[in-house]
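For reference, the structure is listed below as structure tokens.
Bear in mind that the values in this text are calculations on the coordinates, not laboratory data. Source: prediction; values computed, not measured. Counting neighbours? That spans all protein chains shown, and the Cβs are built from the backbone with ideal geometry, glycine included.
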Amino acid sequence: MAEFENPYAEESPFVQAHFDCLDCGGKLWEYAVQRRMVCEDCRAVFATGDVFEAQT
Ligand SMILES: [Zn+2]
């Protein structure tokens, strides 16, 4: 079973965002400090603002 490793886990806690990846539809995880989201499937990184614009 593949496990999603968060490269920033030690520095900034992350939360599962209520958004889907813009590329593959996978779950996005949000790094609140960096204002970024990363996809757990394809590892694409998005700016939080871009995700909001695309899905609101
Ligand atoms: Zn993805």
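A P(r) calculated from all alpha carbon pairs of the stretch 14-55, with 10 Å bins opening at zero, reads 37, 60, 3 percent. Couplings 3J(HN,Hα) of the stretch 41-48, computed from phi: 8, 9, 6, 5, 10, 10, 6, 3 Hz, in residue order, whole Hz [Karplus 6.51 cos²θ - 1.76 cosθ + 1.60, θ = phi - 60°; x for Gly and Pro]. The packing ranking, built from the mean of other Cβ atoms within 10 Å per residue, places the peptides 19-29, 43-53 in the order 19-29, 43-53, highest first.
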